[in-house]
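The values are calculated or read from the model by the stated rules, or taken from the named source; none is laboratory data. This is a predicted model, so every value here is computed, not measured. Positions of Cβ are generated from backbone atoms using ideal geometry, with glycine treated the same way; all protein chains shown enter the neighbour counts.
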Amino acid sequence: MTIKIVLKRLPDDEISNKINVKEGGQISCVDSEIVFVEIPVRCKFCNTENALKAESFEVVESHEREMGAEFCHSSHADGECVKCKKHMELKIDLWEYPVGALLFEKDFIEEIENCEYIEDSK
């Protein structure tokens, strides 16, 4: 199961990384900002594979832990199925802990409307 995370380097705003991340994968995001995350989904109506793009991540939760702060970055992704045009939507969270390390787990994806996360995408 793989999602694609695109980061930009701060402060010059150049794309620094385009990373495919499997569940349980952790990536470095030091001095970077999330540009978008592409999530593979299957339409629940016609079973067609699609990709939804989550942008505009916001920190919605934070906690102090042993190695510093832990942050939850959250965003929604939506779009139309490429085949049947049904609306699809999901919510994704990426956890950052320690600071500068993003973690992805399939449990961080909430399927909201007409789609399911593809665990074994191409």
Handout entry: Number of positions in the range 1-38 that are under 23 Å from Ile112 (Cα atoms), at pLDDT below 75 and among the β-branched types (Val, Ile, Thr)
Key = 1
Practice task
Look through the range 80-92, keep the residues that are more than 11 Å from the chain's Cα centre (by Cα) and surrounded by 15 or more Cβ atoms within 10 Å (Cβ to Cβ), and return whichever of them is farthest from Ile39 (Cα to Cα).
Solution key: Lys86
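Among the candidates Glu55, Glu96, Glu105, Glu113, single out the residue that is modelled with pLDDT of 95 or more and not β-branched (Val, Ile, Thr).
Glu113
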Problem - the range 39-90, subset β-branched (Val, Ile, Thr) and without any contact (Cβ under 8 Å) to a residue 60 or more places away in the chain, residue nearest to Glu116 (Cα to Cα) - result: Thr48
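Does at least one position in the range 54-67 carry a residue that is crowded, with 17+ Cβ neighbours inside 10 Å and in a strand (DSSP E or B)?
Yes, the range 54-67 has at least one match.
I'm trying to understand the selection: among the residues of the range 96-120, which are acidic (Asp, Glu) and assigned to a loop (DSSP other than H, G, I, E, B)?
Scanning the range 96-120 gives Glu105, Glu119, Asp120.
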Exercise for the section: Return the only residue of Glu116, Glu64, Glu105 being over 25 Å from Arg9 (Cβ atoms) and in contact with a strand residue (DSSP E or B) (Cβ under 7 Å, 6 or more places away or on another chain). Expected result: Glu116
Practice task
Determine whether the range 79-89 contains at least one residue that is modelled with pLDDT of 95 or more, touching a Cys at 6+ places or on another chain (Cβ under 8 Å) and acidic (Asp, Glu).
Solution key: yes
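To keep it simple, each residue is scored yes or no on (1) of a type in the set (A, V, I, L, M); (2) in a strand (DSSP E or B); (3) surrounded by 18 or more Cβ atoms within 10 Å (Cβ to Cβ).
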residue: Glu33; (1), (2), (3): no, yes, no
residue: Ile39; (1), (2), (3): yes, yes, yes
residue: Ala51; (1), (2), (3): yes, yes, no
residue: Leu94; (1), (2), (3): yes, yes, yes
